[in-house]
Amino acid sequence: MRKISLKKQHKVNMAVLLLSALLLILTGCGKNAELENYKANMNQFFENIRIIDASINAIDANSETSTTELLSLLDSMDTSFAQMAALEVPDGFPGVAELADDASEYMTEAVSCYHQAYDGEYDAAYEEAAYRNYEQANIRFQYIVSIIHGNIPEEIFTYEDQDDLDEDEVEDNDNGDVGSESSDNENDDASGADAAGGEDADNHD
């Protein structure tokens, strides 16, 4: 990823996707209608993003309409990501459907924050939030490209393992609470029994 700057009344930093070196190459997969359709749609997605990227770089930073042009192009990028996420992913690309959904959600949030940052008075906090979400969308996009090329990133398994650990911890905590309550009840019962035993002993005396 890289940044470009647009200067109007304030400096605007914008991150754009680098797609010049990213080509969708599906080889050795055989002829499959679903796969060929997915390949065609993904190639169209890459082409759309490439055009948007080039258009963003072509914006005249000194133009009075530069901010409007930028936000309009970002809206188009958001739409392209949403269309990509809606594609039916063929078997053989583990995790791509989930990554596509996540990438689209991050892009939508990024574009929303960019609008809030640049519409009206400039807001640096929203710009920073937009950039963080934009980066997350791009990370997942890179994962998708890697998986399509047959390389499954180790980070994906790391995230899944961590999610499993978090769920196990929650279950352990829940079970621990139940156990604690049971122990407390047992202790209460035992205390009550001791008290009752003491009363019986007094009565016998």
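Scalar couplings 3J(HN,Hα) for the stretch 35-46, obtained by applying the Karplus form with A = 6.51, B = -1.76, C = 1.60 to θ = phi - 60°, are 5, 5, 5, 5, 4, 5, 5, 5, 4, 5, 4, 4 Hz; x denotes Gly and Pro. Karplus-derived 3J(HN,Hα) values for the stretch 73-79, using 6.51 cos²θ - 1.76 cosθ + 1.60 with θ = phi - 60°, are 5, 5, 4, 5, 5, 4, 4 Hz; glycine and proline are entered as x. According to the Cα-based calculation, Rg over Rh for the stretch 35-136 is 1.04, with Rh computed by the Kirkwood formula. Phi-derived couplings, Karplus 6.51 cos²θ - 1.76 cosθ + 1.60 at θ = phi - 60°, listed residue by residue for the stretch 89-100: 8, x, 5, x, 10, x, x, 5, 4, 5, 5, 5 Hz, with x used for Gly and Pro.
Projecting the Cα atoms of Phe93, Phe81, Tyr131 onto the charge dipole of the stretch 74-135, computed from C-beta unit charges around the Cα centre, puts Phe93 farthest toward the positive end.
None of the figures in this text is laboratory data; all of them are computed from the coordinates on show. As the structure is a prediction and not an experimental result, all values here were calculated from the model. For neighbour counting, all protein chains shown are included, and Cβ atoms are generated from backbone atoms with ideal geometry for every residue, glycine included.
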